[in-house]
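The values are calculated or read from the model by the stated rules, or taken from the named source; none is laboratory data. Computed from a prediction, not measured in an experiment: that's the story for all the values here. No Cβ is skipped: glycine too gets one built from the backbone with ideal geometry, and neighbour counts run over all protein chains shown. Each accessible area value is taken on the protein alone, full model and side chains, heavy atoms only, with ligands, DNA and RNA left out. Shrake-Rupley method; radii C 1.70, N 1.55, O 1.52, S 1.80 Å.
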Amino acid sequence: MYTLFPLLVALTLWAYWRMIVGRRTQMLALILFVSLLGLFYTHYMALPLLTSLALFHLLFVPKNRRWFTVSLIVGLSGLLFLPWLQVAWQALGVVSSEGARNFFANSPLSLLNNVLTQFSNGSVALLVIFGWYSLRHRSRSTLLIVVLTLGTFALVILLNQRFQFISIARYLSAVWPLLALVVGLGVAHMQRDHLRPALL
């Protein structure tokens, strides 16, 4: 599950981005649909990421034919999750009522630190450097990454403050592909500025 989770996130983001800026195909639409449905049914913690993606889609994507096509795909995959929604709500109630989970639940700062430390293999400073360069050049792709990363973190922190159930950072493995994109954009922008990211 924890291997499939980030894979499906990466696949969903790739298919979504291609659908809104690239050449749309039926195969691409099918990949987006299947990866979204897989995310819904693989891990409940995909919901904060998908909520952030929905906000980006509503606020920042031009309302044209591509927008309606993607909205239809997302809506269909969400409809197929509805039969499981009651089970998901019951699971949240069970998890949030466990005293041990409440005791070991991470604070927002600790949760953020654990995720960044695990992703960067203990080199958060390097991650910050790449992050700085990835944000220097403004583009729609940068906006997507910023909205999804900050939105997902914010929603997870709000959920954890309310239900006190996240005691392990791997619940946030959905943000790993986003952090990988931050590093990738940082590398690309450093090369564009004639720096040598390979040294880092």
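Listing for the model above:
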item	result
Tabulated pairs, the range 119-140, first under 27 Å from R18 (Cα atoms), second assigned to a helix (DSSP H, G or I) and among the aromatic types (F, W, Y), C-beta under 8 angstrom, 6+ apart or interchain	F119/W176; L127/F119; R140/F60
Selection count where residues are free of Cβ contacts under 8 Å to residues at least 60 places away in the same chain and either in contact with a Ser or Thr (Cβ under 6 Å, 6 or more places away or on another chain) or open to solvent by less than 30 Å² (accessible area, probe 1.4 Å) (or both), scope the range 2-38	17
Residue among L195, L159, L185, L200 that alone is open to solvent by 20 Å² or more (accessible area, probe 1.4 Å) and in contact with a Leu (Cβ under 7 Å, 6 or more places away or on another chain)	L200
Scan of the range 129-145 for residues that are open to solvent by 50 Å² or more (accessible area, probe 1.4 Å), at pLDDT 90 or above and touching a Leu at 6+ places or on another chain (Cβ under 9 Å), ordered by number	I129
Number of positions in the range 55-81 that are among the aliphatic types (A, V, I, L, M) and open to solvent by less than 20 Å² (accessible area, probe 1.4 Å)	3
